[in-house]
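Note sheet for the following structure.
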Amino acid sequence: MKESCIIFGGGGFIGSHIAEDLLKYGLKVTVFDKLNSSKKNVEHILDEIEFIEGDFNNEVDISKALKGKTYVVHLVSSTVPATSNQNTYYDVETNLLSSLHLFEKCAEFRIKRIVFISSGGTVYGNPVKLPINEKHPTEPTSSYGIIKLTIEKYLGLYNNLKGLDYRILRFANPYGERQNPFITQGLIAHLLYRIKKGEPIEIWGDGKVIRDYFYIKDGARSVYKALNDRSAAKIYNISSGMGLSINQILQRFRSVLKLDFNVNYLPGRKFDVKSNILDNSLAFKNLKWKPEYSFNEGLLNTWRYFLDFE
Ligand SMILES: NC(=O)c1ccc[n+]([C@@H]2O[C@H](COP(=O)([O-])OP(=O)(O)OC[C@H]3O[C@@H](n4cnc5c(N)ncnc54)[C@H](O)[C@@H]3O)[C@@H](O)[C@H]2O)c1
């Protein structure tokens, strides 16, 4: 029988690219998402996938959707770093508790492996050493990062207690087509959308904050590798391995995309770490994964997408 994979949150930015990628390997792909804008992101592959409209916070929906599936990818999140600190109870309830329920059910239904997309941009906190490898201390500075790290720890527990097999992919800062430009996670999408609309750009801080931006189609390829990984490692950084400041990105907008725009600098935010660059050599060694798109190539594809985006 054909192996299957259900992607919780598969109608989102990252999930829609993962769904597209997994189809290439002949897997039967199911996308589980709540319907609002999410179906639009997978419209182009709706004939090839199963789409389940459901609520991740509803235990019955999760159980029903999981039946008969081989693999699980978990991407649901109700918060982003900036919003998570405003209501920590909500963060725990909707992200942590629902994830635990998912893990219970995955163990019960004998899911072969679960891949959790965690956050390499927040679980480590302020770096002691750059680039950050998977053994770096974890001191998250937001509720979002604490929850991601706690979910990771619980995966370890469910592995010990119930034999649930898993891999964790700590994504740095993905960018690309279908990223939501209206939220505060996803700087490149947000800025490109504003420029396209002729709106002024606002930057928190002096623009020297450094992040590790990688193109989402590269990130999506790491999931199939993680589903089939035979090494003993459980956690991988997924990143470009290269840092760019916001000011350098703005410079690329000017030089690569030939854009003209004004920038307003605002006071910095407390929870933003100054620099985050992830060492992706373990993923290269064990998963044989490495980014294939250059920053400029990914940026051009993203800009083309936002030119048509309303
Ligand atoms: N975008 C990034 O920069 C980034 C970086 C590292 C990790 N992540 C993590 O990767 C995951 C996906 O991120 P994304 O950028 O694709 O976000 P996204 O918001 O585009 O996708 C998340 C999807 O989850 C769905 N969802 C939310 N609550 C749900 C619920 N109760 N029931 C069913 N579906 C629900 C949403 O409808 C959405 O389609 C998240 O967990 C995020 O924290 C994102």
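Length gained on full extension, Asp61 to Glu139: 24.7 nm, using 0.36 nm per residue less the C-alpha separation. About its Cα centre, segment 167-310 has a charge dipole of approximately 480 debye under the convention of +1 per Lys or Arg Cβ and -1 per Asp or Glu Cβ, with nothing else charged. For Phe182 and Leu96, what does the FRET efficiency come to when R0 = 30 Å and r is the distance between their Cβ atoms, rounded to the nearest 0.05? The computed FRET efficiency comes out at 0.75.
Near Ile238, the amide H atoms lying under 5 Å from its own belong to Arg170, Phe171, Ala172; only residues 5 or more places off or on other chains count, and H is placed 1.01 Å from N.
Of the options Gly298, Pro267, Ile235, report the single residue whose Cα projects farthest towards the positive end of the charge dipole of segment 196-310 (beta-carbon charges: Lys, Arg +1; Asp, Glu -1). Checked the options; the winner is Ile235.
Taking K and R as +1 and D and E as -1, what net charge do the other residues with C-beta under 9 Å from the C-beta of Ile277 add up to?
On the way: positive: Arg211; negative: Asp212, Asp279.
Net local charge, Ile277 excluded: -1.
Multiplying the residue separation of Lys24 and Glu3 by 0.36 nm and removing their Cα-Cα distance gives an extension gain of 6.3 nm.
The phi-based Karplus calculation (6.51 cos²θ - 1.76 cosθ + 1.60; θ = phi - 60°) puts the 3J(HN,Hα) values of segment 179-189 at 6, 6, x, 9, 10, 8, 9, x, 4, 5, 4 Hz, whole numbers, x for Gly and Pro.
Assuming a ≥ b ≥ c are the square roots of the Cα gyration tensor eigenvalues, decide whether the chain counts as rounded (a/c under 1.5), prolate (otherwise, with a/b larger than b/c) or oblate.
Working: a/c = 1.60, a/b = 1.40, b/c = 1.15.
In terms of gyration-tensor shape, prolate.
Shape of segment 1-78 from its Cα gyration tensor (a ≥ b ≥ c, root eigenvalues): rounded if a/c is under 1.5, otherwise prolate when a/b > b/c, or oblate? It is oblate, given that a/c is not under 1.5 and a/b is not larger than b/c. Within the straight-line cut-off of under 16 Å between alpha carbons, the lysines reachable from Lys270 are Lys208, sequence neighbours fewer than 8 places apart in one chain being disregarded.
Once a ≥ b ≥ c are taken as the square roots of the eigenvalues of the Cα gyration tensor of segment 7-48, is the result rounded (a/c under 1.5), prolate (a/b larger than b/c) or oblate (a/b not larger than b/c)?
Since a/c reaches 1.5 and a/b is larger than b/c, the shape of segment 7-48 is classed as prolate.
The charge dipole of the chain, taken about its Cα centre with unit charges on the Cβ of Lys, Arg, Asp and Glu (plus for the first two, minus for the last two), comes to roughly 820 debye.
Taking the Cα centre as origin and putting +1 on Lys and Arg beta-carbons and -1 on Asp and Glu beta-carbons, what dipole magnitude results for segment 255-294, to the nearest 20 debye?
On the way: 7 positive and 4 negative charges, 32 e Å.
The calculated dipole for segment 255-294 is roughly 160 debye.
The string of couplings for segment 170-175 from the Karplus curve (6.51, -1.76, 1.60, θ = phi - 60°) is 8, 6, 6, 10, x, 9 Hz, one whole number per residue in order, with x for Gly and Pro.
When both segment 50-90 and segment 120-170 are represented by their alpha-carbon centers, they are found 18 Å apart. Database remark: amide H of Ile203 closer than 5 angstrom to the amide H of Asn264, Tyr265, Leu266 (H placed geometrically; neighbours at sequence offset of 5 or more, or on other chains; Pro and chain starts carry no H).
How much of the DSSP beta bridge set in the chain is antiparallel, as a percent to the nearest 5? Kindly include the intermediate steps, with their values, before the conclusion.
Details: 2 of 38 bridges.
Approximately 5 percent, going by the DSSP bridge assignments.
Residues whose amide H lies under 5 Å from that of Thr141, counting only those 5 or more places away or on a different chain, are Gly125; hydrogens are built 1.01 Å from N in the peptide plane.
In degrees from 0 to 90, rounded to the nearest 10, what is the angle of the helix 13-23 Cα long axis to the longest principal axis of the chain? Helix 13-23 and the main axis of the chain meet at about 50 degrees.
3J(HN,Hα) along segment 241-252, derived from phi through the Karplus expression 6.51 cos²θ - 1.76 cosθ + 1.60 where θ = phi - 60°, amounts to x, 10, x, 9, 7, 4, 4, 5, 5, 4, 4, 5 Hz, with x in place of Gly and Pro.
Bear in mind that the values in this text are calculations on the coordinates, not laboratory data. Please read these numbers as outputs of a predicted model, since none were measured by experiment. We place every Cβ from the backbone using ideal geometry, glycine too, and count neighbours over all the protein chains shown.
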